[in-house]
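What follows is a single structure, written as structure tokens, with notes after it.
The values are calculated or read from the model by the stated rules, or taken from the named source; none is laboratory data. Computed from a predicted structure; not experimentally measured. All Cβ positions, glycine included, derive from the backbone under ideal geometry; neighbour counts span all protein chains shown. Just so you know, the surface numbers come from the protein's heavy atoms only, side chains and all, with ligands and any DNA or RNA stripped out. Shrake-Rupley method; radii C 1.70, N 1.55, O 1.52, S 1.80 Å.
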Amino acid sequence: MGGVTTALGDAELRDRVAQATASYFTDWSHSCGMARERSAGVFGYDIDDTVTTGGTGFGLMAQIVAAERGWRPRWQILDRLERLVGWLEAADSFDGVFPHFLSGATGRVHPFMPGDDGGDLVETAFLMTGLLAAAEYFTEAPELGARIAALFAAVNWRAHLREDGAVMWHHHPGRQWPARALPIRGWNEAFPVFVLGAGAPIHPLPASSYHDSWATAPAFANGRRYFGVRLPLGPDWGGPLFLSQYPFLGIDPRGLCDAYADYGAQARAHALVNRAHCLANPHGWKGYGPDCWGLTASDDPTGYVAHSPTVDTGVITPTAALSSMPFVPEAAMRALRHFHDDLGGRIFGEAGFVDAFSLEQDWVAESRLAIDQGPIVAALENHRSGLIWRLVMARPEVRRGLVALGFSSPALQAGV
């Protein structure tokens, strides 16, 4: 693979990558304001029209960074936000919960899979986190902030509450839970559901759903050591890195603690275990090493795979290492430098890095995905300034939820 020779310092390189990656959203979002799910690939839907709920939330964070850094005019991002809010107010939702995919042209639901055409609570939590950050950032538009607060208040988190106290991932009003319905339990990316749900002003989730369902799953507490690193939570070997990255794009994990874990320690340990696996490289994949690591869900030569130490196909996903920048900055910077300077001729372009690549198979993804590009921009900015963390942690909905669940945090104690 070819390279890109640069003399940029680390900070300048991070900014170059963040600016390029943010353009996935500033330049290629749908005209309605939502983020397109992906830029390429054959997945049975119209790439130009299919927009993503969670990816839009991540994309809002990226566009806030673009406005803050002057990469795009502030008014331009604010104008897109206003169009987006108006579109969401008229789009399909189910008890205020938005589906995973929608048509950007019509605002109607695109089934995520056959029979899954209702509300997706996890994706909605990601969307709401991005919207709340935007409302906090664009203080010059208080009426728009009020409309965002109304969208948040309309989410009926309790509509996804099963009789046994479990919170369900998907729901369609008027239908029974299907046999394959997923309860949201165990350590995974869905953590913000409970924080936002507990902080909701009208339809809050009870704290008991967090303590008696989410936190009692077999794959919640861990405490075992992998490569000498103690992993507080999650499945064996940590699972894909997005499990401990998506929750903390907006919620600040630094010093965030409850009865179960220190969440800054969780995010750092997960990244260290993932990296240590790539260094150990038990399968002997070409390219793996201190400068080339990072396993998480992404495109793969076989389709879409949740890569992890236990599902390792030799595919590296740049967002895995780059979105770890706030937690393992030196290790993430080594990967960023290698991806850009040594491999950039094939994997870096106008919208940032491609979704994934494999030196072993001489394969480079054609695609970029909203849910992988957005976290890179937010994480690099949180490493630089903590901007997205400050915005989200300032929101009363988030603070109320954390307090209701029994969390402590320097951000809560300091009043942000």
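Below is a table of values for the structure above.
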| item | result |
| --- | --- |
| Relative contact order computed over the range 190-235 (Cα-Cα under 8 Å; 6+ residues apart), in percent | 21 |
| Ordering of 98-111, 216-229, 66-79 by burial proxy (mean other Cβ atoms within 10 Å per residue, highest first) | 98-111, 66-79, 216-229 |
| Stretch gain in nm, segment Glu163-Thr106, where the contour uses 0.36 nm per residue and the Cα spacing is subtracted | 17.1 nm |
| For the range 225-268: rounded, prolate or oblate by the Cα gyration tensor [a/c cutoff 1.5] | oblate |
| Label-point separation in nm, Ile202 to Ala221, each point 7 Å along Cα→Cβ | 3.8 |
| Separation of the Ser408 and Asp212 label points, Cα + 7 Å toward Cβ, nm | 2.6 |
| Order by protection proxy (mean Cβ within 10 Å, highest first), peptides 16-29, 373-386, 355-368 | 373-386, 16-29, 355-368 |
| The range 108-183: relative contact order in percent, alpha carbon pairs under 8 Å with at least 6 residues between | 31 |
| Size of charge dipole - the range 179-313 - debye, nearest 20, with Cβ of Lys, Arg +1 and Asp, Glu -1, no other charges | 240 |
| For the range 155-196: relative contact order, % (alpha-carbon pairs under 8 angstrom, 6 or more apart) | 29 |
| C-alpha center-to-center spacing [the range 323-353, the range 105-125] in angstrom | 32 |
| Whether the range 111-247 is rounded, prolate or oblate, judged on the alpha carbon gyration tensor where a/c under 1.5 counts as rounded | oblate |
| Inter-part distance where the range 244-292 and the range 161-176 are each reduced to a Cα centre, Å | 31 |
| Linear extension gain, Tyr304 paired with Leu182, 0.36 nm per residue minus alpha-carbon span | 41.9 nm |
| Relative compactness, the chain, computed as alpha-carbon Rg over 2.2 N^0.38 Å | 0.91 |
| Accessible surface of the range 169-225, 1.4 Å probe, proportion on carbon and sulfur as whole % | 56 |
| Most to least accessible of Met333, Met113 (protein chains only, probe 1.4 Å) | Met113, Met333 |
| The range 351-394 residues near the modelled Lys286 label - backbone nitrogen below 12 Å, point 7 Å along Cα→Cβ | 358-364 |
| Cα gyration tensor category, rounded, prolate or oblate, for the range 197-353 with a/c compared to 1.5 | prolate |
| The chain, accessible area per residue, ligands and nucleic acids excluded (1.4 Å, Å²) | 36 |
| Cβ-derived FRET efficiency at R0 22 Å, Ile47 paired with Glu350, nearest 0.05 | 0.85 |
| Part-to-part distance (alpha-carbon centres) for the range 1-80 and the range 367-398, which is given in Å | 12 |
| Longest to shortest principal axis, alpha-carbon extents of the range 307-390, angstrom | 41, 32, 23 |
